Amino acid sequence: HLGTHLGTHLGTHLGTHLGTEPDSHGFVLVETNYRIYAYTDSELQVALLALFSELLYRFPSLVVAQVTRDSVQAAIANGITAQQIIHFLRTRAHPVMAKQTPVLPPTVTDQIRLWELERDRLRFSEGVLYNQFLSQVDFEVLRDHARALGVLVFENPGRRLMVVTPAGHPDVKRFWKRQKHNG
């Protein structure tokens, strides 16, 4: 299933707007082992649950699912935030869970947030790869020039590999040709 903003909005606000939600009393139990038990026959609620969890078993009036790193990160990649996942689980908590403080196990909510942060730690950018330097000195000369220009994105001296920005590539290339011609 692919979540859309309309779908997540409808799923979050369906019961309050239409008043027809069959499980408005709460139907979700969340365990500290990331397992979810959803006591529902609603195809919509099951589909919404599947947006951020792996469905394990399906019985009449019961769905068993598991929140995993992959399932949460797939949901986040489709535009669903950790806060929306937590909100969905909290607002649909079974009455037994709703009486607890906090409603959801902190280990589960914290981990969902951490999985979201984990996805944000990488920064992708375009670049031009320079490798196959004949000597370490050649690598260091060009790397130092790229660094001085402020266009060095990545370097690995052990493998004599470096990446520069596409905008800096012409200047670095020109410098390298001059170096080889003069050297």
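The values are calculated or read from the model by the stated rules, or taken from the named source; none is laboratory data. Please read these numbers as outputs of a predicted model, since none were measured by experiment. In this analysis, Cβ positions are derived from the backbone assuming ideal geometry, glycine residues included, and neighbour counts consider all displayed protein chains. When the accessible area is computed, the model is the full protein with side chains, heavy atoms only, and any ligands, DNA or RNA have been set aside. Shrake-Rupley method; radii C 1.70, N 1.55, O 1.52, S 1.80 Å.
Brief remarks follow.
- The stretch 129-183: number of residues that are open to solvent by 50 Å² or more (accessible area, probe 1.4 Å), of a type in the set (S, T, N, Q) and without any contact (Cβ under 8 Å) to a residue 24 or more places away in the chain: 1
- Sole exception among (1) at pLDDT below 95; (2) outside any loop (DSSP other than H, G, I, E, B); (3) farther than 30 Å from ALA47 by Cα for VAL163, by number: (1)
- Criterion violated by ARG147 - all others in (1) outside any helix (DSSP H, G or I); (2) basic (Lys, Arg); (3) modelled with pLDDT of 95 or more satisfied: (1)
- Considering (1) touching a helix residue (DSSP H, G or I) at 6+ places or on another chain (Cβ under 9 Å); (2) open to solvent by 90 Å² or more (accessible area, probe 1.4 Å); (3) among the charged types (D, E, K, R), the lone condition that ARG123 does not fulfil carries the number (1).
- Applying the set (1) acidic (Asp, Glu); (2) open to solvent by 60 Å² or more (accessible area, probe 1.4 Å); (3) at pLDDT below 95 to ASP23 leaves exactly one unmet item: (2).
- Exactly one residue among LEU134, LEU104 is under 30 Å from LYS180 (Cα atoms) and part of a loop (DSSP other than H, G, I, E, B), and that residue is LEU134.
- The stretch 58-71 residues that are without any contact (Cβ under 8 Å) to a residue 24 or more places away in the chain and within 20 Å of SER42 (Cβ to Cβ), paired with ones that are open to solvent by less than 100 Å² (accessible area, probe 1.4 Å) and part of a strand (DSSP E or B) (beta carbon under 9 Å, 6 or more apart): ARG58/VAL64; SER71/GLU54; SER71/ALA65
Here's the yes/no breakdown for (1) modelled with pLDDT of 95 or more; (2) touching a helix residue (DSSP H, G or I) at 6+ places or on another chain (Cβ under 6 Å):
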residue: HIS5; (1), (2): no, no
residue: HIS13; (1), (2): no, no
residue: THR16; (1), (2): no, no
residue: LEU51; (1), (2): yes, yes
residue: GLU54; (1), (2): yes, yes
residue: TYR57; (1), (2): yes, no
residue: ALA77; (1), (2): no, no
residue: GLN83; (1), (2): yes, no
residue: HIS87; (1), (2): yes, no
